[in-house]
Amino acid sequence: MRVVVADDDVLLREGLASLLDRNGFEVAGQAGDAAELLTLVRDEKPDLVLVDIRMPPTHSTEGLDAART
């Protein structure tokens, strides 16, 4: 299963990606903001995306809005 991880906290994002990788998931990419996430998902077409709801620049609903898109 191909997974994209999106979170603005680098340590959390890297940790999740590492944990997923060690458990047989293919981490197709990582994103630190909603714009980067949308581009990555469009390019990589993952099976699953783990998204932080609050992402830069305003830390309100950017991640949630990207997930809806």
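The values are calculated or read from the model by the stated rules, or taken from the named source; none is laboratory data. Only a predicted model underlies this, so the values are computations on that prediction, with no experimental measurement involved. All Cβ positions, even for glycine, are placed from backbone atoms using ideal geometry, and neighbour counts span all protein chains on display. The accessibility values were calculated without ligands, DNA or RNA, using every heavy atom of the protein model including side chains. Shrake-Rupley method; radii C 1.70, N 1.55, O 1.52, S 1.80 Å.
Some points to look at:
- Among residues of region 18-37, those that are under 9 Å from the mean Cα position of the chain (by Cα) and not acidic (Asp, Glu), counted: 6
- Search result, residues across region 4-30 that are under 20 Å from residue 68 (Cα atoms) and open to solvent by 50 Å² or more (accessible area, probe 1.4 Å): 8, 30
- Leading residue by the ranking (modelled with the highest pLDDT) among those in region 45-58 that are within 14 Å of residue 12 (Cβ to Cβ) and open to solvent by 60 Å² or more (accessible area, probe 1.4 Å): 50
- Going through (1) open to solvent by less than 50 Å² (accessible area, probe 1.4 Å); (2) touching a Pro at 6+ places or on another chain (Cβ under 9 Å) one by one, residue 33 falls short only on (1).
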